Amino acid sequence: SPPLAAIASTDMGLLLRDDVFVDFFNTFLNLPVFGQTPIYISGTGQWDLWPGLSSHLDPSPTALLAWLEKHRLPHFCKSSLCLHLVLCQKLLGFIRSGEAAELLNWQSTDQWLLEKCISGSQGMRHFRAFVQGTAGEELTDFWLTTERLLGLDESDTSQRDLYLSLIHRLKASHLREGSSVITLCTTIAGSLPKAKHIQSISNRRDILRKMQEQVLFTIQSYWLPKFFSHCKMGIEEEESCQPLLQEYQERLLQADWQEPSGFLETPPTMHIKRSQRSSGPYCGQKAKTKIWALVKERRGTQEMKMPRFRVKPERQPRSARSTREPHLDKDALGSIPQSEHPANAALNGKGGVTPPRKPSAEQVSHLEDLCEEKILSNLPSSAPLVQLPSLKGSAKTLSFLPWALSADTCAGQPFRDFLKHQDRPMETHLLDLWHDLEEFLPVVLDSSRENNFFLRHLTGDKICKSYLEEDNIEKLPLETRTLTGLWNHLIFGEFSPWIFRAQKEICKVLCCFYEEFLAADDRTFLQFMVRGMH
């Protein structure tokens, strides 16, 4: 079965014996869309819950695993982190293989060091930063998109739209003449880029699978060695990495040294850390409000201090005919990491291990307020308005809702699934618009992107057709002037400050539903944990 399906069907306890899986899964579990955000320490077998349960309770690890398997793992398998986990496992498998040792003349100690550099979500982020702006980035993006696509069942109506969207994306970005993928896979692809339709689905899958295998081998045999050389240089130059360098040099002197597998044959007994919280109502929303208040308070004034070395992206000239494009579909954002996307910092960073410093919350808010002030001051007083919901009791949730919505796509869309399950088509449509506007911003604001003109118009046209045409616009409970402002700019592929206004209005509509989502998540978690104590 495909890797994603294999992960979804594997026992949670068995999955947690793999340190690489634990690293990616912990990152996923702590994305800010969720209410309960546990973390697992594999070395001790301890789970830390946030928010914690009352101190008088003695929750069962078995109940926790059952909850994770039912309410977290399915979303993880749809996330970008899971795709990167699969790629990371493919790279680690190659690094440990005899083929790699023979082909690249690696010693076991070299393999050990490269594993240290690339294992886990942080390691993959290092690698993505290194290949950024090169053919290696396009090859990696193609592999991830294809991995997502091959895991879909195009005959399933619920997956059909995403499947067709990914096919369109591949044709538009990677299967165009002059792209790195086509240059590499010309023999396999044949006339694929020129064909409007591939004759059969099975033939299309076979071709894409063979191309994916060729791309993966190139990443493994060419880009991994370059990344390894870069890491060695970085480790030698970075003072904080001297202990790692010393251990590497000591291991070089041990002729027959073998690194143990990252899979724990006899894992420690799993347990849940006893909470210090006194008895009282369990509430994920209140816990999130507290943590986000701390984040906003410290944002821009303090940076996390941790040992790291810079990973500068490998640069190489691109062909003028290269047509690699960013990825636009909301449902597949998880399949291709976008370095501009705020919720995808777990894997991305331009030019370094640490992502570039983004504007503070206050700066962003100030920009939005300035845009809004300029817009509203030029509006006639008779501009029509719609009645937006009152938010007296939800102001705190509203303050961190944009982060939660950004994280939703990266987390396999649990909030979107909740809206669909609650039969809220209009709210689901609004959430999709919020995400499409979020994806449009980096495209329109970054003029250095390849095919920027084409992408701006493609993305703007998609938003207009999907949400702002007459047949669709009546479904949106947003102010008429906001929708008109969006149309007037996006139809020409232009930036518009109305984007900020629209996203703010969408957040006001979705705020109470997100609180319902958190409350439902709390109820489900408590049901599993309390049931497990009997």
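A few remarks follow.
- Straightening the chain between Asp446 and Val295 buys 51.6 nm, computed as 0.36 nm per residue apart minus the Cα-Cα spacing.
- Taking all protein chains together and a 1.4 Å probe, the residues Leu113, Leu398 rank Leu398, Leu113 from largest to smallest accessible area.
- Listed peptides 240-246, 172-178 by packing density, highest first (mean Cβ within 10 Å): 172-178, 240-246
- A cut-off under 13 angstrom between Cβ atoms defines the neighbours of Thr10, and their net charge, with Lys, Arg +1 and Asp, Glu -1, is -2.
- Residues whose amide H falls under 5 Å from that of Ile272, counting only those 5 or more places apart or on a different chain, are Trp47, with hydrogens built in the peptide plane.
- Where Rh is the Kirkwood radius over Cα pairs, Rg/Rh for segment 33-151: 1.07
- The packing ranking of peptides 121-131, 266-276, highest mean first, is 121-131, 266-276, where packing means the average number of other beta carbon atoms within 10 angstrom of each residue.
- Contact order normalised by residue count of segment 398-531, Cα under 8 Å, 6+ apart, percent: 28 percent
- Two-site FRET efficiency, Asp156 against Ser240, from Cβ-Cβ distance with R₀ of 60 Å, rounded to 0.05: 0.75
- Surface composition of segment 398-531: carbon plus sulfur atoms contribute 53% of the solvent-accessible area (1.4 Å probe, protein chains only, all chains present).
- For segment 398-531, the Kirkwood hydrodynamic radius from C-alpha pairs, put into Stokes-Einstein at 10 °C and a viscosity of 1.306 mPa s, yields a diffusion coefficient of 100 µm² per second.
- Neighbours of Cys464, meaning other residues whose beta-carbon lies under 13 angstrom from its beta-carbon, give a summed charge of -3 when Lys and Arg score +1 and Asp and Glu score -1.
- Accessible solvent surface per residue of segment 398-531, calculated while the other protein chains remain in place, 1.4 angstrom probe, Å²: 39 Å²
- Amide H contacts of Gly178 (H built 1.01 Å from N, under 5 Å, at least 5 apart or other chain): Thr183
- With only Cα atoms counted, segment 65-124 has Rg and Dmax values of 15.0, 46 Å.
The values are calculated or read from the model by the stated rules, or taken from the named source; none is laboratory data. Note that the structure is predicted; figures quoted are calculated from it, not measured. Cβ coordinates were reconstructed from backbone atoms using ideal geometry, including for glycine residues, and neighbour counts include every protein chain displayed. With ligands, DNA and RNA removed, areas are computed over all heavy atoms of the protein, side chains included. Shrake-Rupley method; radii C 1.70, N 1.55, O 1.52, S 1.80 Å.
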